[in-house]
Amino acid sequence: MRRIGVAFSNTGLTPTEIVECVRLAEELGYESAWMAEGHAGDHFAVLSACAAVTTRIRLGTSISSVFVRSAPTIAMAAATVDQLSAGRFILGLGSSHRVQVEGEHGLAFGRAIPRVRDTVAIVRALLRDGVVSHKGEVIQIERFDLWFAPARREIPIYLAALFPTMLQVAGELAQGVILTYPTLEAGRRAAHNVAIGARRANRRPEDVEIASLLPCQVADDGAEARERLRPGLAFYVGFFPRYNRLLAEAGFADAVAQVKAAWGRGDRDQAARLVPAELIDAVTLAGTPAECRGKIERYRASGITLPIVSPRGGGSDAKARVLAALRACAP
């Protein structure tokens with residue numbers, strides 16, 4: 001059976017409904033379930049609830065921000081979910097975005113890569129030794145000790161990365177990298193940069209998994225599926241400079257500039273209308289069940305070793321849409 005994951009972020013589901021979907025995902029044969037840190041509920045809490053109702057499926061964060069929680073808190077939360085899931089947890093870490101860290105959390109954003117490096121070092125030391133003191137580039141900790149023994153002294157760490165520098169850091173430090181909105185070239189480019197970082201750290205590039213979130217809408221009509229994805233893509237392009245850059249560099253510079261301009265004027269509907277179908281087709285799973293399954297296989301062939309279907313809800317039938325995508329893309 002080919003490995004495939006499922007992720008929950010912009011679904012419109014309650015935490016209870018996400019837990020129900022993860023239980024179904026395990027029954028359908030998905031190998032992992034991932035929860036974003038955004039506005040859909042505390043992801044460590046949701047994954048803990050998932051651990052209580054499943055036995056096999058791996059559970060991961062996609063991702064936990066190194067800015068909005070302290071490094072020891074991240075390590076303690078990871079150890080907690082890993083304990084509750086009997087060793088099925090994966091810690092996905094990332095730097096998040098300035099517009100979120102500062103605009104939504106009121107925290108200072110800066111020196112993201114050194115903070116990622118320090119956080120990884122602190123998490124690993126605390127899990128391994130039960131106590132950590134750290135003097136890094138941006139984080140200094142006198143002492144933090146863990147008052148319970150972790151189920152595992154080492155938990156897999158995946159890093160969210162979109163561009164060469166962070167991809168190479170992932171190659172140096174992580175067990176995996178998490179992409180999002182990938183074109184069919186993204187897997188190959190990621191593998192190239194991961195290999196640079198891995199060799200720099202005397203690691204084997206093949207030991208670093210290339211995973212990617214694949215935003216997904218399934219419908220009987222492909223045009224309807226694309227239409228459902230337009231508002232979400234407009235939001236990512238209009239609100240997040242990093243995703244604007246990602247999709248511009250994917251060959252859609254003129255389109256994303258127009259979407260960004262409409263978003264900046266406050267015209268959300270126009271921004272969504274300006275998202276071209278070609279962009280949706282290039283970076284998402286949108287279409288009939290057969291079309292989405294075929295696209296997943298093309299992503300595999302492109303170098304993404306763990307496709308992670310990310311169903312998007314929306315509308316009054318959000319749960320039905322998520323369930324449709326879960327069933328359509330199941331292994």
Does Val218 satisfy the condition of being under 28 Å from Asp118 (Cβ atoms) and crowded, with 17+ Cβ neighbours inside 10 Å?
-> no
Per-region count, region 1-20, residues surrounded by fewer than 20 Cβ atoms within 10 Å (Cβ to Cβ) and among the polar types (S, T, N, Q) = 2
Does any residue in region 209-221 that is in the same structural domain as Ser9 (by TED's automatic domain parsing) and within 17 Å of Gly60 (Cα to Cα) come within less than 9 Å, Cβ to Cβ, of a residue that is of a type in the set (Lys, Arg) and surrounded by fewer than 21 Cβ atoms within 10 Å (Cβ to Cβ) six or more places away or on a different chain, and which pairs are these?
-> Leu214/Lys295
Can you name the condition, by its number, that Pro276 falls short on among (1) touching a residue at least 12 places away in the same chain (Cβ under 8 Å); (2) closer than 25 Å to Ala33 by Cβ?
-> (2)
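Just for helices (runs of 4 or more DSSP H) wholly inside region 234-321: which have at least 2 residues that are aliphatic (A, V, I, L, M) and within 21 Å of Gly29 (Cβ to Cβ)?
Values: elements: 241-247, 253-264, 268-273, 277-283, 289-301.
Once the helices (runs of 4 or more DSSP H) in region 234-321 are filtered for at least 2 residues that are aliphatic (A, V, I, L, M) and within 21 Å of Gly29 (Cβ to Cβ), what remains is 289-301.
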Extreme residue, surrounded by the fewest Cβ atoms within 10 Å (Cβ to Cβ), among residues of region 70-97 that are closer than 27 Å to Phe239 by Cβ and without any contact (Cβ under 8 Å) to a residue 60 or more places away in the chain | Thr73
Check region 224-237 and report whether any residue there is among the aromatic types (Phe, Trp, Tyr) and under 19 Å from Arg98 (Cβ atoms).
-> yes
Picked from region 209-226 (must be aliphatic (A, V, I, L, M) and part of a helix (DSSP H, G or I)), the residue nearest to Ile90 (Cα to Cα) is Ala225
(1) surrounded by 15 or more Cβ atoms within 10 Å (Cβ to Cβ); (2) assigned by TED's automatic domain parsing to the domain that holds Ser96; (3) of a type in the set (Lys, Arg) all hold for Arg226 apart from (2)
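Every residue, every condition in (1) in a strand (DSSP E or B); (2) among the hydroxyl-bearing types (Ser, Thr, Tyr); (3) surrounded by 23 or more Cβ atoms within 10 Å (Cβ to Cβ); (4) without any contact (Cβ under 8 Å) to a residue 60 or more places away in the chain, yes or no:
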residue: Val22; (1), (2), (3), (4): no, no, yes, yes
residue: Ala25; (1), (2), (3), (4): no, no, yes, no
residue: Ala33; (1), (2), (3), (4): yes, no, yes, yes
residue: Ala40; (1), (2), (3), (4): no, no, no, yes
residue: Cys50; (1), (2), (3), (4): no, no, yes, yes
residue: Gly60; (1), (2), (3), (4): yes, no, yes, no
residue: Val68; (1), (2), (3), (4): no, no, no, yes
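Return the residues of region 181-208 that are surrounded by 17 or more Cβ atoms within 10 Å (Cβ to Cβ), outside any helix (DSSP H, G or I) and free of Cβ contacts under 8 Å to residues at least 60 places away in the same chain; say none if nothing qualifies. Before you say what the answer is, go through the steps one by one.
Just the residues of region 181-208 that are surrounded by 17 or more Cβ atoms within 10 Å (Cβ to Cβ), to begin with: 181-183, 186-187, 189-191, 193-195, 197-198, 203, 208.
From what's left, outside any helix (DSSP H, G or I): 181-183, 203, 208.
Matches in region 181-208: Arg203, Val208.
The values are calculated or read from the model by the stated rules, or taken from the named source; none is laboratory data. Fair warning: this is a prediction, and the values are worked out from it, not measured in the lab. Here the Cβ is made from the backbone with ideal geometry for all residues, glycine too, and neighbour counts use every protein chain on show.
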